[in-house]
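*Asks:* Dumping the structure here so I can ask a few things about it.
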Amino acid sequence: MGEIQSIGRFLVIVGILLAVAGGLLLLAGKIPWIGRLPGDIFIQRKNFTFYFPLATSILLSLLLTLLFWLIGRK
């Protein structure tokens, strides 16, 4: 396969991944428990708000790891 064809294939794959990620971000607001799991850190004071979605990040990492492991298996 030529160099130009490899670059084209790479760009198509990146485009598809970006479209899927965008769709997931649009749908994430409609899932009520995303960002509100036990373990997510939320501190609110008078003039200060701190939010760190620790449990949501761990869950997302596990799901993506499983997905990429399934895709990468041969």
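*Asks:* What does the convex hull of the Cα atoms of the chain come to per residue, in Å³, rounded to a whole number?
*Replies:* In the chain, the Cα convex hull volume per residue is 134 Å³.
*Asks:* Can you give me the pair-distance distribution of region 35-74, C-alpha pairs, 5 Å bins, whole percents?
*Replies:* The percentages, shortest bin first, are 6, 22, 17, 15, 13, 9, 7, 5, 3, 2, 1.
*Asks:* Still on this structure, please answer the following. How high is the relative contact order of region 35-74, given as a whole-number percent (alpha carbon pairs under 8 Å, six or more residues apart)? Display every interim value, and only then the final one.
*Replies:* Values: 30 pairs, mean separation 12.9, N = 40.
Value for region 35-74: 32 percent.
*Asks:* Give me the extension gain from V14 to R73: residue separation times 0.36 nm, minus the current Cα-Cα distance, reported in nm with one decimal.
*Replies:* Working: separation 59, 0.36 × 59 = 21.24 nm, distance 1.98 nm.
This chain segment gains 19.3 nm when fully extended.
*Asks:* Charges only on Cβ, +1 for Lys and Arg, -1 for Asp and Glu: so what's the dipole of the chain about the Cα centre, in debye to the nearest 20?
*Replies:* 200
*Asks:* Output the relative contact order of the chain, whole-number percent, from Cα pairs under 8 angstrom with separation of 6+ residues.
*Replies:* 18
*Asks:* Sticking with this one: How far is it, in nm, from the label point at L66 to the one at R36 when both lie 7 Å from their Cα along the line to the Cβ?
*Replies:* Taking the two extended label points, one gets 2.3 nm.
Readers should treat all values here as calculations from the given coordinates under stated rules, not as data from a laboratory. Note that this is a predicted model, so its numbers are computed, not measured. Note that we place each Cβ from the backbone using ideal geometry, even for glycine, and neighbour counts take in every protein chain shown.
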